[in-house]
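> One structure is given below, represented as structure tokens, and several questions about it will come after.
The values are calculated or read from the model by the stated rules, or taken from the named source; none is laboratory data. Everything quoted here is computed from the prediction, not taken from an experiment. All Cβ positions, even for glycine, are placed from backbone atoms using ideal geometry, and neighbour counts span all protein chains on display.
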Amino acid sequence: MSEASYQRKLIKEYEAEGWYVIRLITTNKSGIPDLLCLKDNNKPLFIEVKATKGKPSKLQEFRIKELKSNGFDALIMFEPN
């Protein structure tokens, strides 16, 4: 499965659980995660999507830490084998 296919799968799964999912294509901050998931009474969740053998860049890792330090949930999800 490609990274794009895995991303579409994640979007469907999160939306089925009641999340409002936004795919972040262009932002003013490089390295920001791919998806922003919003749900009433939950912290905003940022997800960086990677293919099985994908690796986050140093900037992406920095953004994840930055988001967490600002009180948001942020994670990297790797496509399962």
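> If we keep just the residues of the stretch 1-54 that are of a type in the set (S, T, N, Q) and either on the phi > 0 side of the Ramachandran plot or in contact with a helix residue (DSSP H, G or I) (Cβ under 9 Å, 6 or more places away or on another chain) (or both), which is surrounded by the fewest Cβ atoms within 10 Å (Cβ to Cβ)?
So, considering only residues that are of a type in the set (S, T, N, Q) and either on the phi > 0 side of the Ramachandran plot or in contact with a helix residue (DSSP H, G or I) (Cβ under 9 Å, 6 or more places away or on another chain) (or both), the one surrounded by the fewest Cβ atoms within 10 Å (Cβ to Cβ) is N41.
> Quick one: what pairs do we get from the stretch 11-33, first residue small (G, A, S), second not in a helix (DSSP H, G or I), C-beta under 6 Å, 6+ apart or different chains?
Hits for this filter: G18/K39.
> Follow-up question, since we're still on this one. Take N81 and decide whether it is modelled with pLDDT under 95 and not in a strand (DSSP E or B).
Against the criterion (modelled with pLDDT under 95 and not in a strand (DSSP E or B)), N81 qualifies.
> Being part of a helix (DSSP H, G or I), within 14 Å of the chain's Cα centre (by Cα) and among the aliphatic types (A, V, I, L, M) is true for just one of L10, L36, L75. Which residue is that?
On the way: L36 fails: part of a helix (DSSP H, G or I); L75 fails: part of a helix (DSSP H, G or I).
Just one listed residue meets the conditions, L10.
> Please go through (1) at pLDDT 95 or above; (2) outside any helix (DSSP H, G or I) for G54 and return the number of the only condition it doesn't satisfy.
For G54, the exception is condition (1).
> Considering the stretch 61-81 alone, what residues qualify as being surrounded by fewer than 18 Cβ atoms within 10 Å (Cβ to Cβ) and under 20 Å from S2 (Cα atoms)?
Scanning the stretch 61-81 gives L75, I76, M77, F78, P80, N81.
> I would also like to ask the following. Do we have any residue at all in the stretch 19-30 that's outside any strand (DSSP E or B), at pLDDT 95 or above, aromatic (F, W, Y) and in contact with a Lys or Arg (Cβ under 6 Å, 6 or more places away or on another chain)?
yes
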